[in-house]
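See below for the structure under consideration.
The values are calculated or read from the model by the stated rules, or taken from the named source; none is laboratory data. Note that the structure is predicted; figures quoted are calculated from it, not measured. All Cβ positions, glycine included, derive from the backbone under ideal geometry; neighbour counts span all protein chains shown.
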Amino acid sequence: MPNLKDIKNRIQSVENTKKITKAMKMVAAAKVKRAENTVKASRPYSTELLSLFKTMLEKVNLSIVGEVQTDRALDNYVALMSPREVKSVGLLVITSNKGLAGAYNANIIRAVNKEIEDNKSSGKNTVLYIAGLKGVAAFKNSTSGAKLAGTYTSVIDNPSMGASDMIAQDLAEAYVSGEIDEIKIITTHFNNMMSYSLTEQTLLPVDLSEVEGKELDPIMEFEPSAEKVLQTLVPMYFSNIIYQALLEANASELASRMTAMSAASNNAEEMITNLTINYNKARQGAITQELVEIVSGANAASNN
């Protein structure tokens, strides 16, 4: 017969867990709404900036500019916009700092491992730049052969343009120096409160296929020149793409955590119900056993 005390302790333990998961769900739900509003507010600007940048880049002849002397690699737009043979791929991977978010981090890490294997089979090296403690922990001592070149753990919970500029500068330096020949971002896209999707975006070289043949507004004038405007747009492009990716990842993580904690709370409630039924059955069995023993003792006494 099950021990009544053990079942009761188990029920209390599950109830305590339920309180924690329910509280975490409420916190995530409050945060994800703010994150959702921020993501949706920033998307139109990011989309328009990307469209303008690509259209300009397709029209400006970079070869006429020559060498660009800059203090920051991020400002050297000629070197950044010049494609070359890809021998090494730089991956910016955006994960979370915390767990208890369902399969959120596991899905991203799985996608990164697949990308590393695909690069290896194509004869390309992989250089990792990872945002988030979970991603750092997964690849810090990895035997995948990928090089861990940069880690960013303080940018996840509160995405900012300053943090995006820092990451963009590191990636730009690696690209200009020739350490990497292609830059991709593996992260998540926030769909709604209940779902997100994995995304892989190529940051460099820039894909201009969607803007080929697209004309600039004829009334546009560039001062002092289109090249100078482009030199300003390149750092904006870099930083904004990364900033938007951080915002999307933050909202996706919170949505995933809210969903996971909701499921955990429901499972705890179901477990409590089943344990309560078992407790009542065991208690009823104990009472029945005691009654049987009393009756048996009374019958034995009357026979004597």
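Kindly provide the set of residues from segment 79-116 that are assigned to a strand (DSSP E or B) and of a type outside the set (Gly, Ala, Ser), ordered by number.
Of everything in segment 79-116, those that are assigned to a strand (DSSP E or B) and of a type outside the set (Gly, Ala, Ser) turn out to be Val89, Leu91, Leu92, Val93, Ile94.
Scan segment 110-122 and tell me whether some residue there is surrounded by 15 or more Cβ atoms within 10 Å (Cβ to Cβ) and within 14 Å of the chain's Cα centre (by Cα).
Yes, segment 110-122 contains at least one residue that is surrounded by 15 or more Cβ atoms within 10 Å (Cβ to Cβ) and within 14 Å of the chain's Cα centre (by Cα).
Would it be correct to say that Ile130 is more than 20 Å from Ala174 (Cβ to Cβ), modelled with pLDDT of 80 or more and of a type in the set (Val, Ile, Thr)?
No.
Can you tell me which residue in segment 60-78 is modelled with the lowest pLDDT, limited to those that are exposed (fewer than 14 other Cβ atoms within 10 Å of the Cβ) and assigned to a helix (DSSP H, G or I)?
Ile64
Which of the residues spanning segment 150-170 are part of a helix (DSSP H, G or I) and among the β-branched types (Val, Ile, Thr)?
Passing the criteria: only Ile167.
Looking at segment 236-273, which of its residues are more than 26 Å from Met194 (Cα to Cα) and surrounded by fewer than 19 Cβ atoms within 10 Å (Cβ to Cβ)?
If the condition is that a residue be more than 26 Å from Met194 (Cα to Cα) and surrounded by fewer than 19 Cβ atoms within 10 Å (Cβ to Cβ), then Met236, Thr273 are the ones that fit.
Only residues in segment 161-178 that are free of Cβ contacts under 8 Å to residues at least 60 places away in the same chain count as the first member; pair them with residues that are not charged (D, E, K, R), Cβ under 6 angstrom, at least 6 apart or cross-chain, and list the lot.
Close Cβ pairs (under 6 Å, with a partner that is not charged (D, E, K, R)) amount to Asp170/Gly150.
For (1) modelled with pLDDT of 90 or more; (2) within 25 Å of Ser256 (Cβ to Cβ); (3) out of contact with any helix residue (DSSP H, G or I) (no Cβ under 8 Å at 6 or more places or on another chain); (4) not acidic (Asp, Glu), each residue gets a yes or a no:
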| position | (1), (2), (3), (4) |
| --- | --- |
| Arg110 | yes, yes, yes, yes |
| Ile116 | yes, yes, yes, yes |
| Lys134 | yes, yes, no, yes |
| Ser144 | no, yes, no, yes |
| Ser160 | no, yes, no, yes |
| Ile167 | yes, yes, no, yes |
| Gly178 | no, no, yes, yes |
| Ser195 | no, yes, no, yes |
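Collect the residues in segment 30-48 that are over 17 Å from the mean Cα position of the chain (by Cα) and crowded, with 17+ Cβ neighbours inside 10 Å, keeping them in residue-number order.
Ser46
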